[in-house]
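> Got a structure for you, written out below as structure tokens; questions coming shortly.
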DNA sequence: TAAGGTTCTGTTTTT
DNA sequence: CAGAACCTTA
């Protein structure tokens with residue numbers, strides 16, 4: 001026990017040993033958040049305050065859930081580990097899946113319901129729109145997907161949605177259609193997993209009571225990332241408002257809330273504090289990761305946000321090195337400089353894997369990769385396709401899904417003609433008509449079809465039937481293996497030019513199935529359960545898309561977006577592309593909310609660094625095939641000067657205008673902004689000025705010349721004045737001075 | 001039906 | 001610029 005609590009700082013100790021009550025722990029970056037969470041659970045169990053069965057721990061990612069479990073087992077004596085199985089540790093979606101499988105009848109679902117990932121959901125929506133002859137120009141599938149998920153996350157079924165205009169009314173109708181399609185096909189999307197479970201618990205008192213009494217301690221990780229529905233879900237489970245309420249222990253950091261764009265609501269933290277009467281909010285502010293200068297910069301940056309819960313990171317380590325800032329002429333120069341610095345770091349003995357290269361958007365990785373590659377530095381990029389999202393894997397999974405549930409039209413459509421078997425758009429259309437007439441799935445509609453399409457389709461149905469029959473008694477890995485052959489997938493990729501890697505991935509799917517069986521701890525030889533186990537495996541594939549593709553192992557520089565860097569730390573961090581319009585991103589810059597989220601993102605980026613932080617930006621950058629001239633990011637200005645050291649001479653030219661915010665340059669296609677003009681046109685007389693140059697205007701202040709038209713007395717210049725906006729000015733009229 | 005050409009459109013991302 | 005989505009042709 002004393003071991004368990006040793007080396008905790010006073011605040012951590014306070015949080016870990018809090019008497020049973022609701023608690024909110026504001027855990028700053030690098031303050032030992034996971035440690036507090038795991039130690040809290042271990043302490044509760046070891047002191048006998050709760051049975052393992054009484055513990056529910058919720059995380060956002062599978063990775064976090066795994067880490068929690070791993071660290072917990074390391075803390076608890078072996079005797080506890082056996083009973084640790086009684087704990088429920090998982091993601092919101094994973095736990096909901098578990099609840100819905102257990103109570104599928106009460107939830108109105110067949111036992112073998114399938115889960116749609118976002119790609120599947122989008123495909124389902126497209127199919128729906130087509131079937132209903134809806135103009136997808138007017139109702140873009142992505143937008144509709146967003147709408148439906150948004151309503152579900154607000155806990156609203158179609159009848160509860162308030163629709164004041166025709167457009168929304170139509171979208172609600174489509175929401176209704178979408179729901180019935182899902183129900184008909186026995187599929188459930190991510191938001192539905194949560195909403196269904198919420199409704200189940202809300203309506204079914206015995207089930208609700210059962211879980212409310214079972215879970216005495218509910219612990220939530222990354223609480224700032226919860227959406228409204230997830231919060232309500234927690235409230236319901238914790239039986240809020242009653243004396244018998246379970247204890248909710250929420251850990252999070254409002255300053256690291258960076259998923260607003262997908263529904264996360266930081267407001268949950270405030271609401272939680274109020275609605276659960278949280279007596280004392282515990283702040284973990286001692287940072288064990290970074291040197292002082294880095295923390296001071298982070299604190300200064302985040303200090304520009306309003307309405308924070310309030311928190312200031314500090315460290316016992318010294319100030320450390322200054323933050324290095326570099327201004328490059330172009331994105332290529334920036335990349336070159338970064339690679340040079342990396343080389344010298346490595347020469348000085350830093351391992352490549354301790355170095356991270358962060359950027360705001362994925363498009364920025366290309367130049368960096370190119371430069372690293374030509375310098376022979378090994379690197380790995382996060383954020384590629386994930387295993388279960390690969391095309392060949394999706395196809396294989398679709399066959400497996402048809403075995404578990406032939407009414408899954410998404411799966412049916414995906415593989416009915418893959419590998420090609422002469423079933424084209426025409427046949428599918430006829431089949432869809434039939435399905436509508438008989439109000440059935442595509443699969444069930446096949447027998448109603450006559451003629452040639454009927455024959456080929458009947459063959460496909462026979463194939464699926466054979467698969468079902470032949471696999472009914474097979475252990476899962478063999479089942480998968482059989483399907484790969486019998487479906488013709490293997491053969492198809494064998495004949496494809498670049499099919500080798502795909503074949504290997506298909507084999508990897510068999511391994512994944514074997515691993516799943518091993519980890520799930522089920523008897524692979526539970527013969528009659530073959531298809532039930534298959535459904536579990538498919539749910540696993542949807543809920544956990546696998547590692548982001550990146551070659552693990554070797555000592556390589558880490559490249560990723562700032563978003564994916566959350567939770568990680570590195571000795572040296574390069575943050576590139578610190579330019580207005582890029583970071584903060586132009587789409588987020590207009591409203592305060594968006595801008596503040598960008599700032600939190602900046603805060604996350606800065607706090608990834610242990611010893612050394614490099615910030616860089618470029619005067620010009622290739623984006624979407626156009627050269628853009630940006631001002632440097634306002635976030636740079638938010639760092640106190642004394643913390644930084646400029647590796648390039650400080651240049652007022654690119655300085656973001658300090659007098660105000662909101663200005664940025666937004667290129668518009670086909671509009672007046674012609675940013676693609678070559679930077680310098682020698683034949684053109686611009687009165688000694690050139691594109692990319694910084695000028696001062698009496699009224700608008702400082703700006704960058706973004707484009708030019710005409711020459712001599714006709715010359716017009718487009719200038720980005722930052723806060724004052726982007727203007728076209730006549731050179732002869734405007735009073736411009738080189739800055 | 002499938003290959004090959006053209007147009008379009010560009011954050012962030014987990015489940 | 002580059003990938004996806006769309007459209008035309010053999």
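The values are calculated or read from the model by the stated rules, or taken from the named source; none is laboratory data. As the structure is a prediction and not an experimental result, all values here were calculated from the model. Cβ coordinates were reconstructed from backbone atoms using ideal geometry, including for glycine residues, and neighbour counts include every protein chain displayed.
> So, residue A:214, is that one touching a strand residue (DSSP E or B) at 6+ places or on another chain (Cβ under 9 Å) and either surrounded by fewer than 22 Cβ atoms within 10 Å (Cβ to Cβ) or farther than 22 Å from residue A:536 by Cβ (or both) or not?
Yes, satisfied.
> I've got another one for you. What number of residues in the stretch A:24-38 are without any contact (Cβ under 8 Å) to a residue 40 or more places away in the chain and surrounded by fewer than 23 Cβ atoms within 10 Å (Cβ to Cβ)?
Residues in the stretch A:24-38 being without any contact (Cβ under 8 Å) to a residue 40 or more places away in the chain and surrounded by fewer than 23 Cβ atoms within 10 Å (Cβ to Cβ): 1 in total.
> So which residues in the stretch A:480-502 are in contact (Cβ under 8 Å) with a residue 60 or more places away in the chain, assigned to a helix (DSSP H, G or I) and buried (at least 18 other Cβ atoms within 10 Å of the Cβ)?
Listed by number, the residues that qualify are A:480, A:483, A:484, A:489, A:493, A:502.
> Here's something else I'd like to know. Among the numbered criteria (1) over 27 Å from residue A:390 (Cβ atoms); (2) away from DNA strand C (no atom under 16 Å from the Cβ); (3) without any contact (Cβ under 8 Å) to a residue 60 or more places away in the chain, which single criterion is violated by residue A:135?
So residue A:135 meets the others, but not (2).
> Quickly run through the stretch A:340-378 and pick out the residues that are outside any helix (DSSP H, G or I) and more than 16 Å from DNA strand B (Cβ to nearest atom).
Those that are outside any helix (DSSP H, G or I) and more than 16 Å from DNA strand B (Cβ to nearest atom): A:348, A:349, A:350, A:351, A:355, A:375, A:376, A:377, A:378.
> How many of the residues in the stretch A:600-632 are within 16 Å of DNA strand B (Cβ to nearest atom) and over 24 Å from the mean Cα position of the chain (by Cα)?
The qualifying residues number 7.
> Additional query: In the stretch A:82-121, what residues are at pLDDT below 90 and more than 13 Å from residue A:187 (Cα to Cα)?
Matches in the stretch A:82-121: A:82, A:83, A:84, A:85, A:86, A:119.
> Filter the stretch A:621-645 for residues that are within 16 Å of DNA strand C (Cβ to nearest atom) and closer than 21 Å to residue A:598 by Cα; which is modelled with the highest pLDDT?
A:621
> Can you pull out every residue in the stretch A:434-455 that is modelled with pLDDT under 85 and part of a helix (DSSP H, G or I)?
A:451, A:452, A:453, A:454, A:455, listed by residue number.
> Evaluate the stretch A:678-690: report whether one residue or more is away from DNA strand C (no atom under 16 Å from the Cβ), at pLDDT 75 or above and over 29 Å from the mean Cα position of the chain (by Cα).
Among the residues of the stretch A:678-690, at least one is away from DNA strand C (no atom under 16 Å from the Cβ), at pLDDT 75 or above and over 29 Å from the mean Cα position of the chain (by Cα), which makes the answer yes.
> Further question: Could you list all residues from the stretch A:416-431 that are within 6 Å of DNA strand B (Cβ to nearest atom) and loosely packed, with under 14 Cβ neighbours inside 10 Å?
A:420, A:422, A:424, A:425, A:426
Residues checked against (1) without any contact (Cβ under 8 Å) to a residue 12 or more places away in the chain; (2) part of a loop (DSSP other than H, G, I, E, B); (3) farther than 25 Å from residue A:585 by Cβ; (4) away from DNA strand B (no atom under 16 Å from the Cβ):
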{"site": "A:229", "(1), (2), (3), (4)": "no, no, yes, no"}
{"site": "A:249", "(1), (2), (3), (4)": "no, no, yes, yes"}
{"site": "A:264", "(1), (2), (3), (4)": "no, yes, no, no"}
{"site": "A:269", "(1), (2), (3), (4)": "no, no, no, yes"}
{"site": "A:274", "(1), (2), (3), (4)": "yes, no, yes, yes"}
{"site": "A:279", "(1), (2), (3), (4)": "no, yes, yes, yes"}
{"site": "A:309", "(1), (2), (3), (4)": "no, yes, no, yes"}
{"site": "A:318", "(1), (2), (3), (4)": "no, yes, yes, yes"}
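> What are the residues in the stretch A:396-431 that are part of a helix (DSSP H, G or I) and either out of contact with any helix residue (DSSP H, G or I) (no Cβ under 8 Å at 6 or more places or on another chain) or free of Cβ contacts under 8 Å to residues at least 12 places away in the same chain (or both), if any?
Selection gives A:425, A:429.
> Just the residues that are in a helix (DSSP H, G or I) and either in contact (Cβ under 8 Å) with a residue 60 or more places away in the chain or at positive phi (or both), please, taken from the stretch A:184-198.
A:184, A:185, A:190, A:193, A:194, A:196, A:197, listed by residue number.
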